[in-house]
Every structure is written in C-alpha cells, then in structure tokens.
Amino acid sequence: MFAKILIANRGEIACRVIRTCRALAVRTVAVHSSVDAHALHVEMADEAYAIGGPRPAESYLRGDRIIEVAKACGAEAIHPGYGFLSENEAFARAVEAAGLVFIGPTPEAIEKMGLKDRAKAILEKAGVPVVPGYHGESQDEAFLAKQAGKIGYPLLVKAVAGGGGRGMRLVSSAGEFSSQLAAAQREAKGAFGDDRVLLETYVTRPRHIEVQVFGDRHGNVVHLYERDCSLQRRHQKVIEEAPAPGMSAAARKAVTEAAVKAARAVGYVGAGTVEFIADASAGLKGERIWFMEMNTRLQVEHPVTEMVTGLDLVEWQFRVAAGEPLPLRQSEITLNGHAVEARLYAENPATGFLPSIGKLESFSLPANVRADSGVDEGDAITPFYDPMIAKLIAHAPTRDQAIADLAEACADVEVWPVKTNAAFLVRCLETPDFIAGAVDTGLIGRGLEELTAPAEPSAEALATAGWAFRERVEGRERETTPWVDLKGFRLNAPPVATTRLFHGARAVEADMPPEPSRFIHVESDEAVVVFEGGDAFVFRDHPPVADSDAAGGDGAIRAPMPGKVTQLSVKAGDAVTKGQPLLVLEAMKMEHALTAPFDGTVEELAAELGAQVAEGTVLARLAAD
C-alpha cells in the first residue's frame, strides 16, 4: 500500500478519498485553487499546496503543476477523483512518465473509452449491444442532417467526449436539427474542448442502467451489480439507487455479463462504470438494454453500490493500483438491501435551477443517513465549480424504507442563504411513480411544474417565526417594564398571541405557541428564517422595499449569476416574443438561456459575445409592445 498520495481534485470527492486514506493510514496531499485555500478538503488533508487561479484551467486542470507538486512532496501516486483530469489520457500518461502511479485505469483504456463513437465501435465488435445511431467521423452539418433523417426523429445529438448531460440535445424534428446541433457543439467545445458529436436513436421511455465494474492487473474482472440513475433533469442525474427496481434475474445476468465483457474488451484496470440505456416500455428485458458509454473513473453515485455490497470502492482502487489482486471473487460479492442517493445542489428550482452562490451562513445536514459533503458552515459557494454541495445516501432492508428515510433526510436539510434543491428532492422521492418503481428519464420533466412550485409555510412554521419576533421585541421591553409577560393573557384560558408578519410581499397572521418547535436562524437584517421540508422560509415584520428596477418587469434583462456570454440571438431593434431566447450565459459548466419576459422590441443590447459579466449586470433592455 502507498505511504502518501496526492488527490488531484476538490470538494466532496477529495474529502471522500481522504476518509479512506485515514482508515488505511495513508498520508494525503491536497491541491487547491486560490479561492479554495480554506476549503474543507484542504483542512482535512495532511498537506496542501496552491496550484493556481480560481478557474479550473488555471488550477485543477493544470496537470503539469499537479505532477510537479506530487514529485516535490514525495507522493507515490495520484488519485484523480472524478471530473477534471480523471478521464484525461494524456494526464495519466504524464503521471506514469513521472514515475508516479495513476490510481485509475490504464491510459490505453481511457483512450479507447474516452470518445463515445470509438467506444461503441470497439464494443460492437466485442459483441456488446449498442444503441442504434451514427457514430462515424464526419462532422459535416449536411451529412449529419442526412444521417439524422435515416435514423428518424426524435433523436439525440451527443458530444463524443461528453458527460453529465453537457453537449447533449434532444431533436424532435428536422426543422430544429441545425440549431440543436450548433448548441450541442458549442456546449461540448466549452466543456470538453472538443465539439464533435454523434447521433443516437431516442428511446421514448428510457431507463438509465449502469454497472459498476472492477479489474486488476492479474486479468480478473468482476461486476458489483447495477445502479438505476433514471431520475434525471436535463440529462443530469438527480436520484440514483441500487439495485435497479424491477430488474429480473435474467435481465441482471444479461446487463452485468455485457458490462464485464466490455471491461475485458479493453483490458480494464481499476474502477469503471458501463452505462446502458434500457427501453422500459415493457419492463426491463435483457434484449432491450444497449450500451451507451463507459466512464473510466469512479462515479458520483458510487456510494449506493458501497452501501448494498458493504465494500469501500476507494480502498479497492488503492489496492488495485498498488498491484494487488481484486479483494473478492465474483461469487463472494453479494447484495444486501437497497440504497438511494440524492444530489444536493446549490441551485434554485424556482428560477429554472439557476446556480446559487454565496456564503453558507447556515449549513446543517441530517444525521440519519450517510452525508458525503465537501463544504462546511462558513464556506462560500463560488461560480467556478459544479454546484453540488453534498450527497445524501440512505440504506435500508427494503426500497420503500430507503426512500422514506432519504425523503426525511432531505426534508431536514438546513441551508441559508444559499438556495438548494432539497425540497425538490423531497418531492421527487415522494412522487407515486417513483415510489412504485415506474421510473424513466422523463419522469421529472413531465411533472416539473408541480415539483418546482413554490411551497407555502405551514401554520407551525408561521407560529415559530411569530414566536421569534415576539421574543426579540419582548427581550427589549423586559429591560424597561415587568408587565411584558401578560401579553396574550386571558382569564381562565391558555395564553394566546397573534402577530402580523410578511412572507415576501404577502402579509400573514401567526398564532404563537409558548415555545418554538422548529429551528430558527435569525438574519442580520432582522428577518427570521424557518427551515421546513427542505425549504427556507423568510419572514419579516415589515413588507419588503419595492425594487424600482426589478429584473425583467421593466424590460431589463440581468445576469442571474456571474458568467460568460456565449451566444447572442438578437440585436438592437429586433422584435421579440415572450419566451424567445435572447442570449446564453455560461456558468458553473452549464449554459443558461435568458428569454424575453414579454412581447416587445430590443431597445438596447449591452452584452458582448465572450464577455464575463457579474451577477445583476444589465445585458439587454426591452420595450413592451
């Protein structure tokens, strides 16, 4: 086993690797950007070194700098985590050339599986069933449009170097092929530096099934069963679970054997995930499950596999990288119960899931489930990295119990003032179709309006806020009079008191109990925040000051977050209709389209293509018809 390793990553996965290292008595070296100098992974590691500026290209993607630090500090190996350089074949080769061990697959396997089109060609020859489509080299728009016509609509345009839903677009008809192709290529170029795409048949009721595989340097390959990652939003995973609901023994045998065959076809070493798409229109059947891609790294959702197998996959990574054989044979790997994972993001579902940035003044995760996080109270969420702040994982003997435990945990999340998707996760977990196991990748999209509708505080939450304001006022009054405690007094009846509060611009009446029953966080501006069901409800004792220049309402289109302008779809003088895309802002590795709030004319276009803009910057102004 290694004595010291460097972790070429940040956030939750860096902290996760450090925890296993501590159990194995392996010393850890963290690297960090300028904005991560006091991050949790830096505090947890035995050593830490600065490697550059805040943007990934200036720090976490600086392979040369990372290797330089590893050699200087005496690290023997580098763990890449996931994202950043984890699937970078050139980096893996450079690590080996420097005399260090890359804790991951061989550079050859990364190269073979790194591009979706090449991976499909290799595995199709190996007898692994692949999704029908076009996986060739030509990127000519006219040629791709012709191929799309042969495949038929709807279809998917996917970046060959993609992942996480980036560089992927659903095309419903020939008329929108050109614009969706351009959007996929633009996003792929920005995310991966490669704008090449492939085309695939779109399965109308798809389920996303993936198999965890492990190989060693002694020719052994095993699977650790399957995961279901079908609950997605815009092709990004939201809820993952293991094992997959409704998976028959025959279907499991077919998909796990195909995964092992895929791993053997490329001489795979280490942890990997073979991803499949299943046609769920008639249940899970082995002959209706096709290979999509292979991720040559540990996955974000690996904890659900750990929970149902009782294994530490990071420890397995270390042992395989150190030259040891796999710890267990296939017959020794068993399933135990059910596990479900939810990804907690710093984002606001009510505003189209725009990322939320700022300081975590209040940050509390539930204690009844496993919580893997890379931040702590007082840390800041910046616009430079992925907005995932934690993963919550529940494990129970049955799927129903695991879902119930996770829903309860998500409801107990307390984060402020950064917005999170905790309440959205609760609603997803409580969706009847999900509970019944009737899942597919379109489930969230079909119920998105209901899943993201603003919640109303309960009478209990109102009472708690009222109690907090009453205590604040009476605390001041007690200094001057002894009669304060008679407020709400009635002869021969329990004391009752009511106060008028404002939830946003709406006035509400709160009946106050003698004691509060919910956690309260009091802001510096004397508002009161009550946490309930994963939401954070803000109350004041006065109406909010009206914004004379509110975003959108007066025609001012403002940047909802810091970002880069990557597309301008209109110019000054253009007539626009409500909902029409005006420009695209890229932030936190995702594109966000800003649209017209009403029918009108573009009076001014202040945004410039390629410009970095701050939150609140006026990018355009519209005049209403």
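The values are calculated or read from the model by the stated rules, or taken from the named source; none is laboratory data. From a predicted model like this one, the values you see are computed outputs, not experimental measurements. No Cβ is skipped: glycine too gets one built from the backbone with ideal geometry, and neighbour counts run over all protein chains shown. Ligands, DNA and RNA are stripped out before the accessible areas are found, and what is left, the full protein with its side chains, is counted by its heavy atoms. Shrake-Rupley method; radii C 1.70, N 1.55, O 1.52, S 1.80 Å.
Can you tell me how many residues in region 186-218 are free of Cβ contacts under 8 Å to residues at least 40 places away in the same chain and part of a helix (DSSP H, G or I)?
Of the residues in region 186-218, 3 are free of Cβ contacts under 8 Å to residues at least 40 places away in the same chain and part of a helix (DSSP H, G or I).
Is it the case that residue 103 is over 23 Å from residue 357 (Cβ atoms) and open to solvent by less than 10 Å² (accessible area, probe 1.4 Å)?
yes
If you scan region 17-33, which residues turn out to be within 23 Å of the chain's Cα centre (by Cα) and either loosely packed, with under 14 Cβ neighbours inside 10 Å or under 19 Å from residue 314 (Cβ atoms) (or both)?
Looking only at region 17-33, we keep the residues that are within 23 Å of the chain's Cα centre (by Cα), and these are 17-20, 30-33.
Answer for region 17-33, where residues must be within 23 Å of the chain's Cα centre (by Cα) and either loosely packed, with under 14 Cβ neighbours inside 10 Å or under 19 Å from residue 314 (Cβ atoms) (or both): 17, 18, 19, 20, 30, 31.
State whether the residues of region 73-88 include one that is open to solvent by 10 Å² or more (accessible area, probe 1.4 Å), in a helix (DSSP H, G or I), in contact (Cβ under 8 Å) with a residue 12 or more places away in the chain and farther than 30 Å from residue 136 by Cα.
There is at least one residue in region 73-88 that is open to solvent by 10 Å² or more (accessible area, probe 1.4 Å), in a helix (DSSP H, G or I), in contact (Cβ under 8 Å) with a residue 12 or more places away in the chain and farther than 30 Å from residue 136 by Cα.
Assuming residue 394 fulfils every condition listed in (1) part of a helix (DSSP H, G or I); (2) open to solvent by less than 40 Å² (accessible area, probe 1.4 Å) apart from one, which condition is it?
Failing condition for residue 394: (1).
Could you tell me which of the residues 586, 591, 604 is among the acidic types (Asp, Glu), at pLDDT 90 or above and outside any loop (DSSP other than H, G, I, E, B)?
Only one candidate passes the filter, namely 604.
Please tell me if residue 248 is more than 24 Å from residue 326 (Cβ to Cβ), of a type in the set (Gly, Ala, Ser) and buried (at least 23 other Cβ atoms within 10 Å of the Cβ).
Criteria not met by residue 248.
Of all residues in region 196-221, how many are on the phi < 0 side of the Ramachandran plot, open to solvent by 10 Å² or more (accessible area, probe 1.4 Å) and not hydroxyl-bearing (Ser, Thr, Tyr)?
Matching residues across region 196-221 total 9.
List the strands (runs of 3 or more DSSP E) that sit entirely inside region 267-364 and contain at least 1 residues that are modelled with pLDDT under 95 and closer than 23 Å to residue 406 by Cα.
362-364
So which of 92, 39 ends up being closer than 17 Å to residue 321 by Cα and crowded, with 22+ Cβ neighbours inside 10 Å?
Criteria check complete, one pass: 92.
If residue 560 meets every condition in (1) more than 20 Å from residue 166 (Cβ to Cβ); (2) in a loop (DSSP other than H, G, I, E, B) apart from one, which number is that one?
All conditions pass for residue 560, except number (1).
Among the listed residues 178, 172, 230, identify the single one that is on the phi < 0 side of the Ramachandran plot and open to solvent by less than 10 Å² (accessible area, probe 1.4 Å).
It is 230.
Before we move on, is residue 80 closer than 15 Å to residue 266 by Cβ, out of contact with any Pro (no Cβ under 6 Å at 6 or more places or on another chain) and at pLDDT 95 or above?
Judged against the criteria, residue 80 is not a match.
Which of the residues spanning region 69-92 are within 16 Å of residue 49 (Cβ to Cβ) and in contact with an Asp or Glu (Cβ under 7 Å, 6 or more places away or on another chain)?
73 - this is the single residue of region 69-92 that is within 16 Å of residue 49 (Cβ to Cβ) and in contact with an Asp or Glu (Cβ under 7 Å, 6 or more places away or on another chain).
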